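**Student:** What follows is a single structure, and I will ask about it in a moment.
Each value in this text was obtained by applying a stated rule to the coordinates, not by laboratory testing. Because the structure is predicted, anything quoted here is derived from the model rather than measured. Here Cβ is always computed from backbone atoms with ideal geometry, including for glycine, and neighbour counts include all displayed protein chains.
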Amino acid sequence: MFSNDTIAALATAPGEGGIAIVRVSGPRAEEMLNRLFVPVQLWESHKMYYGHVAFNGETLDECMAVLFRSPRSYTREDVAELHLHGGSWAAGSVLNALYALGVRAAEPGEFTKRAFLNGRIDLSRAEAVMALISAEGGRAARAALRQLEGGVSGFIRQAQEELIALLSGAAAAIDYPEEITMEEAAADLEAGARRLAEKLDAACDERGARIAEQGLEAVLCGRPNVGKSSLLNALARQERAIVTDIPGTTRDIIRADVMIDGLRVHFADTAGLREEGADVIERIGVDRARQAIAGADVVITVFNASEPLTPEDEQLLRDTRDAPRIIALNQCDRELVLHPQDFDNPVVLSAKTNEGLDLLEKRVAAYGAGAGESALTQQRHIRLAREAAQALHRAADACANGAPVDLAVIDLQEALSALGRVTGEQVDEKLIDDIFSRFCVGK
């Protein structure tokens with residue numbers, strides 16, 4: 001699992017840019033600086049030096065260089081960095097020089113993997129690094145940052161301590177029956193296991209974790225020509241959907257991603273909901289619209305406020321009555337025929353003038369409130385916490401049903417094992433390789 005050779009990779013994004021950083025980690029990191037950097041230095045850790053990088057008598061670039069001596073580095077190994085001019089040639093030339101000197105190209109995520117294997121960070125913090133890199137919104141980034149700062153680790157370690165206390169109490173009852181009866185031990189174990197299981201369940205918010213990581217799904221729906229496509233364009237601040245007076249213009253789902261209060265929202269414009277007058281292609285679009293409505297985090301039902309409700313409008317109101325719904329009364333720039341007081345907390349707006357658009361965005365973002373704020377925000381951690389909670393409930397049930405305490409201990413140990421896999425204390429090599437393979441090269 002662990003390799004003690006020296007690795008190198010580009011630590012910045014490839015392509016043109018102001019700077020390109022080549023990172024080297026391992027026992028030969030300082031040697032590589034001595035062989036490539038001029039003038040020769042007596043390296044002081046964590047100090048930046050100015051000079052040039054050269055190989056085989058050829059100057060490759062003007063650069064800055066720094067050495068981070070173990071254990072005060074990202075990987076807890078000696079780490080060297082060469083800060084070059086951005087672009088592919090200089091960085092590629094330096095990497096080729098390093099490879100010629102016997103340094104190996106780093107695998108995806110190998111720097112962070114070494115940080116984990118060397119005990120600098122646990123597995124949950126290692127995963128937070130990638131989550132922070134890939135975060136597309138403020139909420140996802142804040143959730144990843146809390147995890148990186150030890151929020152998940154602290155929560156899991158506290159749960160482990162409570163579990164160990166339960167196991168210790170059970171062991172004391174088994175080893176010293178004259179001091180505590182099995183009935184007393186079973187009652188204490190049942191109460192403690194239930195309490196801890198409820199704590200773990202409360203920390204698992206699958207929906208919030210998904211929304212923070214992947215975004216909120218908001219579907220615009222309504223009959224043809226109520227202004228759904230115009231509203232999508234207004235929300236996206238660009239022409240995403242074709243707008244015409246011809247019913248059925250939108251045949252397929254048109255999407256636009258919008259950032260609202262740090263939350264990525266995936267708006268979807270759907271085909272107008274009608275049965276009569278729709279051709280074969282449009283009916284396929286209508287079916288897809290209904291599927292999108294069924295899977296949405298919030299459904300925005302759009303009505304033309306300057307016209308009376310049609311049978312299709314009334315059917316849509318009935319169909320979405322129990323869904324997470326926002327009623328949008330569009331075209332308020334015209335004379336209103338529909339009255340807001342006749343609807344359930346509607347948003348009155350105009351896709352043409354943008355009146356009411358801010359209110360609609362706030363109402364949409366409210367459906368993502370709390371996303372990413374639970375103690376556990378990654379699906380792998382949530383799954384393992386659920387496994388631990390189920391094992392704790394089994395232990396509590398065993399005690400409640402009069403089973404011997406030592407049988408309940410088996411479930412407690414399973415719960416402890418599941419929690420250990422969150423932080424990497426109990427994890428196999430295959431899982432570690434799978435997690436770090438998702439990282440970018442150089443991190």
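**Student:** Could you put Arg69, Arg28, Arg438 in order, starting from the residue whose Cβ has the fewest other Cβ atoms within 10 Å?
**Tutor:** Arg438, Arg69, Arg28
**Student:** Could you calculate the contour length gain from Ala191 to Asn4, that is, 0.36 nm times the residue separation minus the distance between their Cα atoms, to one decimal place in nm?
**Tutor:** Taking Ala191 through Asn4 to full extension adds about 62.6 nm, to one decimal.
**Student:** Rounded to the nearest 5, what % of the DSSP beta bridges within the chain are antiparallel ones?
**Tutor:** The antiparallel proportion sits near 60 percent.
**Student:** As a footprinting exposure proxy, order Trp89, Trp43 by other Cβ within 10 Å, with the fewest listed first.
**Tutor:** The fewest-first ordering by Cβ neighbours comes to Trp89, Trp43.
**Student:** So if R0 is 30 Å, what FRET efficiency would Asn34 and Ser88 give, r being the distance between their Cβ atoms, rounded to the nearest 0.05?
**Tutor:** The computed FRET efficiency comes out at 0.70.
**Student:** May I ask what percent, to the nearest 5, of DSSP beta bridges between residues of region 7-120 are antiparallel?
**Tutor:** Here the antiparallel bridges make up roughly 95 percent for region 7-120.
**Student:** Positive end of the charge dipole of the chain (Lys, Arg +1 and Asp, Glu -1 on Cβ, about the Cα centre): tell me which of Gly262, Ala296, Phe68 has its Cα farthest that way.
**Tutor:** In the chain, that residue is Phe68.
**Student:** Out of these labelled values of Cα Rg over 2.2 N^0.38 Å, (1) 0.96; (2) 1.05; (3) 1.32, which was calculated from the coordinates shown here?
**Tutor:** This structure yields the entry labelled (3).
**Student:** Structure shown: which of Lys113/Lys430; Lys47/Lys113; Lys228/Lys352 lie over 23 Å apart, alpha-carbon to alpha-carbon?
**Tutor:** The pairs that break the limit, which is 23 Å between Cα atoms, are Lys47/Lys113.
**Student:** Between Leu145 and Val441, what length comes free when the chain is fully extended (0.36 nm per residue of separation minus the Cα-Cα distance, one decimal in nm)?
**Tutor:** That pair, Leu145 and Val441, stretches by 104.5 nm at full extension.
**Student:** Which helices, counted as full DSSP H runs in the chain, have an axial Cα extent of no less than 27 Å and a Kyte-Doolittle average of -1.0 or above?
**Tutor:** Correct list, ordered by number: 151-175, 182-202, 379-400, 405-423.
**Student:** Further question: Amide H neighbours of Glu217 under 5 Å, at least 5 residues apart or on other chains, H built in the peptide plane: list them.
**Tutor:** For Glu217, whose amide H was placed from the backbone, the distant partners under 5 Å are His266, Asp297, Val298.
**Student:** Would any residue of region 350-379 have its amide N under 20 Å from a label point 7 Å out along Cα→Cβ of Arg237? List them or say none.
**Tutor:** 350-366
**Student:** Give me the number: length gained by fully extending Glu335 to Met48, i.e. 0.36 nm times residue separation minus the C-alpha to C-alpha distance, one decimal in nm.
**Tutor:** Result: 96.5 nm gained on full extension.
**Student:** Still on this structure: Roughly how many whole Å is it from the C-alpha centroid of region 371-443 to that of region 177-237?
**Tutor:** 17
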